Structures are given as structure tokens and as C-alpha cells.
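Read the structure below first, then the notes.
The values are calculated or read from the model by the stated rules, or taken from the named source; none is laboratory data. The shown structure was predicted, so the numbers you read here are calculated from the model rather than taken from an experiment. Neighbour counts run over all protein chains shown; Cβ positions are idealised from the backbone, glycine included.
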Amino acid sequence: MDADGWDPHPGFGWTGEPDRQYDLVANVFALNVLPDPWQRIKALQHAARFVRPGGHLLVVTRSPAEIDPRAVSANWPVHHDGYWSSAAKGTFQKGIPTEQIVALGRRAGLRPAAEQALLAGSPGVGQVLLAKPA
């Protein structure tokens, strides 16, 4: 297996974006920290640039079952469709259900992959395997 890693934040991973396409790209715990739904679509479109036609994008987010109880118990202020987990730091959290990941993926030009049953579920995460059209 040939693999690379990339994180856009300084000090994490490689310093530049990959210059090739892959069979599988993972977007993990990124969408749930973006306060604007349009930013989430743009993030999926950006990740899809690195997926070869016919390849897959695995999207993993924190689920509402994980975020909502924390938000209530910690009294996080509501912001857009999620919460400020720390308004002072500007950190946002939103639990994103799998149906919403699918809808965002469709808006980004991707479709749910037929292989969904291969993904083991967890109550704290939402995960969807999206396919890039060939």
C-alpha cells in the first residue's frame, strides 16, 4: 500500500498538498468543526480533488449522539447549526448524522458508495464512504 498524509495546519503532516490522486482519501473529524454548511461542502470538494475517478472518500465526523449531550451538559452556546465549544478560542462543534454527510457529499458531486455495509458503526461517530464518479 502506498499512502501519504496531509493536514493543512502548520506542524501537522506534510507542508504541501499532495500532487496526485488516490484510490482512497480519508476526511476525519474535519466537517464537524466547520460552522458553515457551505464550508463543509467546499471541504468535501477539496478532498475529492485528491480522489481518482472511481475512487472513494471516507468521511468520519462526530455524531449528534456524541456532541449534543456534551453541549447541553457544558452549556455550549448555540451557533448556526452547532455549538461554540469554546467561543473564546473560536472552536465549533456539530454532530453530523450519516444522512447529512450523504447530502453534503451529493452537493459536492459525490455519491454514497455501494460498500456502506463494510463500515462498522459507532454511536459517537458518523461515517460514510462516498464515491467519485468514474
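Okay, residues lined up against (1) at negative phi; (2) modelled with pLDDT of 95 or more; (3) crowded, with 18+ Cβ neighbours inside 10 Å:
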position	(1), (2), (3)
TYR22	yes, no, no
VAL33	yes, yes, no
ARG40	yes, yes, yes
ALA43	yes, yes, yes
VAL72	yes, yes, no
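Quick one: count up the residues across region 28-65 that are of a type in the set (D, E, K, R), out of contact with any Leu (no Cβ under 7 Å at 6 or more places or on another chain) and either farther than 18 Å from HIS79 by Cβ or assigned to a helix (DSSP H, G or I) (or both).
3
Would you confirm whether any residue within region 42-63 is among the aromatic types (Phe, Trp, Tyr) and closer than 23 Å to ASP4 by Cα?
Among the residues of region 42-63, at least one is among the aromatic types (Phe, Trp, Tyr) and closer than 23 Å to ASP4 by Cα, which makes the answer yes.
Could you identify the single residue in TRP84, TRP76 that is assigned to a loop (DSSP other than H, G, I, E, B), of a type outside the set (Val, Ile, Thr) and at pLDDT 95 or above?
TRP76
How many residues, within region 69-85, are in contact with a Pro (Cβ under 8 Å, 6 or more places away or on another chain) and of a type in the set (Ser, Thr, Tyr)?
Adding up the residues that qualify gives 1.
Every residue, every condition in (1) of a type in the set (Phe, Trp, Tyr); (2) in contact with a strand residue (DSSP E or B) (Cβ under 9 Å, 6 or more places away or on another chain); (3) more than 17 Å from VAL51 (Cα to Cα), yes or no:
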position	(1), (2), (3)
PRO69	no, no, yes
ALA74	no, yes, yes
GLY82	no, yes, yes
ALA88	no, no, yes
GLN100	no, yes, yes
GLY109	no, no, no
VAL125	no, yes, yes
LEU130	no, yes, no
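Six or more apart or on different chains, Cβ under 7 Å: which pairs go from a residue in region 5-23 that's among the aromatic types (Phe, Trp, Tyr) to one that's outside any loop (DSSP other than H, G, I, E, B) and modelled with pLDDT of 70 or more? Could you list them?
TRP14/TRP6; TYR22/VAL51; TYR22/ARG52; TYR22/GLY55
Restricting the search to region 93-116, which residues are buried (at least 18 other Cβ atoms within 10 Å of the Cβ) and in contact (Cβ under 8 Å) with a residue 60 or more places away in the chain?
GLN93, LYS94, GLY95, ILE96, ILE101, LEU104, GLY105, ALA108, LEU110, listed by residue number.
Given VAL72, VAL128, which one is farther than 29 Å from TYR22 by Cβ and among the hydrophobic types (A, V, I, L, M, F, W, C)?
From the options VAL72, VAL128, the qualifying one is VAL72.
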